[in-house]
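Report on the following structure.
The values are calculated or read from the model by the stated rules, or taken from the named source; none is laboratory data. Worth saying up front: this structure is predicted, and the values here are computed from it rather than measured. Accessible surface areas use protein heavy atoms only, side chains included; no ligands, DNA or RNA. Shrake-Rupley method; radii C 1.70, N 1.55, O 1.52, S 1.80 Å.
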Amino acid sequence: MRAHYMPDSAGRYTPTKVGRLVGVHQRTVILWCKNGDLPGAVMLPGGSWRIPLAAFAHLLPEDDDSPAAA
């Protein structure tokens, strides 16, 4: 995994990183956060969001080497 896709020290990702990983715009991810569609997403005191991997793992594209892709 590339360094810019790595989570922060608490294991959470920014909306920009989540958007890149799942193939949507960061504003879409922010809307998902605001709507409660990403469980565990938290808004930091400055207003930015952090999202745990478990909240969006089901949206990640399948790995080409996975048995489901065969």
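So the values come out like this:
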{"item": "Heavy-atom accessible area per residue - the stretch 1-51, 1.4 Å, Å²", "result": "62"}
{"item": "Amide H contacts of TRP49 (H built 1.01 Å from N, under 5 Å, at least 5 apart or other chain)", "result": "LEU44"}
